[in-house]
Amino acid sequence: SKLAALFEHPLYNIPVPEVTEKDKLFIVNPMEKFSLHSSGSDEWVSNSKAETLLPTGKTAYDTYPTWLKFHVGINRYELYPRRDPLLPTLLQDLATQRIISSVQKSGGTQLKLIMTFPNYGQALFKPMKQTRDQETPIDFFYFSDFERHNAEIAAFHLDRILDFRRIPPVSGRLVNITKEIRDITTDKKLAKTFFISPAGNVCFYGECSYYCSTEHALCGKPDQLEGSMAALLPDKTLAKRRSWRSPWRRSYHKSKKAEWELNPNYCAQVRQTPPYDRGHRLLDLIDMTVLDFLMGNMDRHHYETFEKFGNDTFLLHLDNGRGFGTHSRDELSILAPLQQCCSIKKSTYLRLQLLATQPYRLSDLLREALAADPLAPVLAEPHLRALDRRLGKVLAAVGHCLAR
């Protein structure tokens, strides 16, 4: 396994700083048993009177569902640890746990569903909209592109291979539209959009600002539909998140350009603007730029952080559905923050150099990681080959900065 060898490499064993109580997203007494509200709501509450040692001899923490252990493990430095024993179980849960509720997620431009499991875990479901080998048409603007379920799956694994670990775990899943969405939804608006197509397939389209019409309906075969299942982050009422507008946000206009596209010295003013004027925020943003360039994602207009940790924490790389749309073209403008600022974390640069070597070739590592997904093959081969080519361009951009 190239992946196992990669995670044994010294560059993937650089210790994170010591995690103190104030560096944890949640302060939880692991001896305290958690139980569901007697009211029947899906809120977990601590039960201080619970026996700390259960009859089985296990501590209360052992009884938490995997999703709750994932939430409890989030800290200032990482969303999940490098050698996270929970990860295989969490991915398995996303792929196999029985779905007891499906409702449409409000907001956003395209249809997404929130799925709930019997253990009260929840996942964000993005349905399949196009086949693996369909490329985004050359005349499409980035803001009118489809969101791809397989891009969400591949982005999670790529983010982990780059050792960022800033994307919540995602698994592919084959969902039965009839039993796992239509028959159990309590969402009246969603329920009204189901129909049987002329081919006899079960279809639905939901309500959203783009692509929610009978012309853009999602249809099963006859009711089986692929999708990505992403573990949800803790509810915002429990762990507030702050949304930041990216300084290199695109104009989202058919003819206007953003300031960074017109001003070659744009980075100088970013460096003087909080929170980019101190700490590692700008370098974290350049990490995100590298991730986006490798997968061809032009749609990174905002990013989020956990409010509890202030400015000194990692960026959450959420919403990656517009990645992996094209393999035949490389969008160099995505690399603007790296090219204009000529800055990159030394650890990131060393890992990128490692991933360009034969024993740890990036495409091979991602291919191996994706092979275990229920929807494998997740990416068409040309997308995997494009990763190696794009990695070469990132290293060339850093080389150009070093030369300067």
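The values are calculated or read from the model by the stated rules, or taken from the named source; none is laboratory data. What you see is a predicted model, and the numbers here were worked out from it, not measured in a lab. Here Cβ is always computed from backbone atoms with ideal geometry, including for glycine, and neighbour counts include all displayed protein chains. Keep in mind that these areas ignore ligands, DNA and RNA; they rest on the heavy atoms of the full protein, side chains included. Shrake-Rupley method; radii C 1.70, N 1.55, O 1.52, S 1.80 Å.
Yes or no, residue by residue, for (1) in contact with a Cys (Cβ under 7 Å, 6 or more places away or on another chain); (2) exposed (fewer than 12 other Cβ atoms within 10 Å of the Cβ); (3) basic (Lys, Arg):
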site	(1), (2), (3)
Arg278	no, yes, yes
Arg281	no, no, yes
Gly296	no, no, no
Thr305	no, no, no
Phe309	no, no, no
Leu316	no, no, no
Arg322	no, no, yes
Gly325	no, no, no
Arg329	no, no, yes
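Residue count for the range 251-282 satisfying the condition of being in a loop (DSSP other than H, G, I, E, B), charged (D, E, K, R) and within 17 Å of Asp299 (Cβ to Cβ): 3. In a residue-by-residue description of the range 122-136, the property of being touching a Ser or Thr at 6+ places or on another chain (Cβ under 7 Å), assigned to a loop (DSSP other than H, G, I, E, B) and open to solvent by less than 30 Å² (accessible area, probe 1.4 Å) applies to at least one position.
Each residue in the range 253-269 was checked for being open to solvent by 90 Å² or more (accessible area, probe 1.4 Å) and under 15 Å from Ser343 (Cβ atoms), and 1 pass. Would it be correct to say that Gly227 is touching a Pro at 6+ places or on another chain (Cβ under 7 Å), open to solvent by less than 40 Å² (accessible area, probe 1.4 Å) and under 24 Å from Lys188 (Cβ atoms)? In short, yes. When each of Leu379, Leu350, Leu370, Leu375 is tested for being among the aliphatic types (A, V, I, L, M), within 23 Å of Ile286 (Cβ to Cβ) and at pLDDT 95 or above, the lone residue that passes is Leu350. Name the residue, out of Phe324, Phe314, that is on the phi > 0 side of the Ramachandran plot and not in a helix (DSSP H, G or I). Going through Phe324, Phe314 in turn, the sole match is Phe324.
To keep it simple, each residue is scored yes or no on (1) at pLDDT below 75; (2) open to solvent by 70 Å² or more (accessible area, probe 1.4 Å); (3) not aliphatic (A, V, I, L, M).
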site	(1), (2), (3)
His9	no, no, yes
Phe34	yes, no, yes
Asn47	yes, no, yes
Leu79	no, no, no
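Picking from residues in the range 294-335 that are small (Gly, Ala, Ser) and in contact (Cβ under 8 Å) with a residue 60 or more places away in the chain, the one that is farthest from Tyr276 (Cα to Cα) is Ser328. Of the residues making up the range 341-367, those that are of a type in the set (S, T, N, Q), in a helix (DSSP H, G or I) and surrounded by fewer than 18 Cβ atoms within 10 Å (Cβ to Cβ) are Ser347, Gln353, Gln358.
Checking each residue of the range 386-402 against the condition of being outside any helix (DSSP H, G or I) and either modelled with pLDDT under 95 or open to solvent by less than 20 Å² (accessible area, probe 1.4 Å) (or both) gives no match. In contact (Cβ under 8 Å) with a residue 40 or more places away in the chain, in a loop (DSSP other than H, G, I, E, B) and touching a helix residue (DSSP H, G or I) at 6+ places or on another chain (Cβ under 7 Å): is that true of Trp248 in this structure? Yes; evaluated as a whole, the condition is true for this residue.
Phe146 falls short on exactly one of the conditions (1) closer than 21 Å to Gly227 by Cβ; (2) at pLDDT below 95; (3) not in a loop (DSSP other than H, G, I, E, B), and that condition is (3). Reported count of residues in the range 230-249, each being crowded, with 23+ Cβ neighbours inside 10 Å and under 25 Å from His71 (Cα atoms), is 2. Among the residues of the range 88-104, are any on the phi > 0 side of the Ramachandran plot and touching a residue at least 24 places away in the same chain (Cβ under 8 Å)? So far as the range 88-104 goes, no, none of its residues is on the phi > 0 side of the Ramachandran plot and touching a residue at least 24 places away in the same chain (Cβ under 8 Å).
If you check Leu233 against the conditions, is it assigned to a strand (DSSP E or B) and touching a residue at least 24 places away in the same chain (Cβ under 8 Å)? For Leu233, the condition - assigned to a strand (DSSP E or B) and touching a residue at least 24 places away in the same chain (Cβ under 8 Å) - is not met. Each residue in the range 81-107 was checked for being outside any loop (DSSP other than H, G, I, E, B) and either farther than 28 Å from Phe204 by Cα or open to solvent by less than 50 Å² (accessible area, probe 1.4 Å) (or both), and 12 pass. The set of residues in the range 54-77 that are crowded, with 16+ Cβ neighbours inside 10 Å, of a type in the set (D, E, K, R) and in a loop (DSSP other than H, G, I, E, B) contains only Arg76.
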